[in-house]
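Notes follow the structure.
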Amino acid sequence: MPNQNTKWIYLLVLSLIWGTSFILIKKGLLGLTPYQLGALRTVLTGLFLLAVGFNTIKTIKKKDWKWIIISGLLGSFIPAFFFAIAETEIDSAVVSVLNSLVPLNTILMGLAIFKITSTKRQILGVIIGFIGTAILILKGAALNPDQNYWFAGFIIASTLMYAANVNIIKRYLQDVKPLTIAVGNYVPIIIPALIVLVFTDFFSIDNFNSSVFGISIFYVAILSLFGTAMAKVLFFKLVQISTPVFASSVTYIMPIVALIWGLLDGESFSVLQGLATIIILIGVYLANKK
């Protein structure tokens, strides 16, 4: 079956793209507030997607708009702000690890709300992956005692929204093309994001005279084009050719990429965290093994 190999390619490419997005957020926050970063990310992503897929909007059926709007809010708009807020207090690598709660929440939410079944092996794989994630979190907290882990609540809330989003796509938007979903997501949220930019004084002359501000915009532009716009299309396609659990397991491989970037940027990394990443990969394998 062709999809068996294709879905793994999508998974690895997404892991590389999204694993890099956390360090880009960190760099973007050097000259932007978290609200400016979240709003700018949304606006730029929306413009990119509308530029390449504007004509797809007319193909969206009336019955699908409700789910596309909800998908946009839960999978794009709110998390864009929550992740930026969290990274003002927590290292980018640790944030990526917390994001690994998505597969567990996807299974639980799929069973409880969307009636999407999962096998015992998938559940076991997710549990093993979650154990690896817990080790990474605990070790990260030990290495960085000065960080405010209450801000982890923003990431946990985002993982719940991501889990709902992936189940919505699989259950209600299976027949809608990935690019169409991505473009439709940003139609209702690009204007609110622009309003946020206005009210946070993003367009102030003093800002544009700052070199740090300009560099931060550059990082957010890369994040928006690759880490959001392109990745969204790839992810929606992955959901449609695989299962919600498989698609969400991308969040288990992302921390490995994010930890490498964090290490290069001076963040702490230990041998125990390396062992935890191996446990995570074992969980991914079991969750997706035939």
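Derivation of every value follows stated rules applied to the coordinates shown; laboratory data play no part. Here the structure is a predicted model, which is why all the values come from computation and not from measurement. All Cβ positions, glycine included, derive from the backbone under ideal geometry; neighbour counts span all protein chains shown.
For a paramagnetic label modelled on Glu89 (point 7 Å from Cα along Cα→Cβ), amide N atoms under 20 Å away belong, within region 24-42, to 25-39. Here the peptides 210-219, 121-130, 136-145 are ranked by packing, the mean other Cβ count within 10 Å, and the order with the highest first is 121-130, 136-145, 210-219. Put in order of Cβ neighbour count within 10 Å, fewest first, the listed residues Asp91, Asp64, Asp146, Asp265 become Asp146, Asp265, Asp64, Asp91.
Size check on region 1-153: the Cα extents along the three principal axes, sorted descending, read 51, 46, 30 Å.
Using a Gaussian network model on the chain with a 10 Å cutoff between Cα atoms, which of Phe235, Phe203, Phe151 fluctuates the most? Maximum fluctuation in the GNM of the chain, among the listed residues, is at Phe203. With springs connecting C-alpha atoms under 10 Å apart, model the chain as a Gaussian network and identify which of Thr159, Thr59, Thr106 has the largest mean-square fluctuation. Of Thr159, Thr59, Thr106, the most mobile in the Gaussian network model is Thr59.
Hey, what number do you get for the chain at 222 nm if only DSSP H runs of n ≥ 4 count, each worth -39500 (n - 2.57), divided across all residues, to the nearest 500?
-23500 deg cm²/dmol
So what's region 2-288 giving for Rg/Rh, alpha carbon basis, Kirkwood Rh from the mean inverse pair distance? For region 2-288, the value is 0.96. Each part reduced to its alpha carbon centroid, region 1-57 and region 126-183 end up 15 Å apart.
Name the helices (complete DSSP H segments) of the chain with a Cα length along the long axis of 24 Å or more and a Kyte-Doolittle mean of at least 0.0, or state none.
Those that clear 24 Å and a mean of 0.0 are 2-28, 34-53, 120-143, 152-172, 271-288.
In plain terms, the bigger the Kirkwood radius, the slower the diffusion; for region 1-71, with that radius from Cα pairs, at 37 °C and 0.692 mPa s, Stokes-Einstein puts D at 215 µm²/s. Exposure proxy shown here: for Met254, Met161, the number of other Cβ atoms within 10 Å sets the order, fewest to most, as Met161, Met254.
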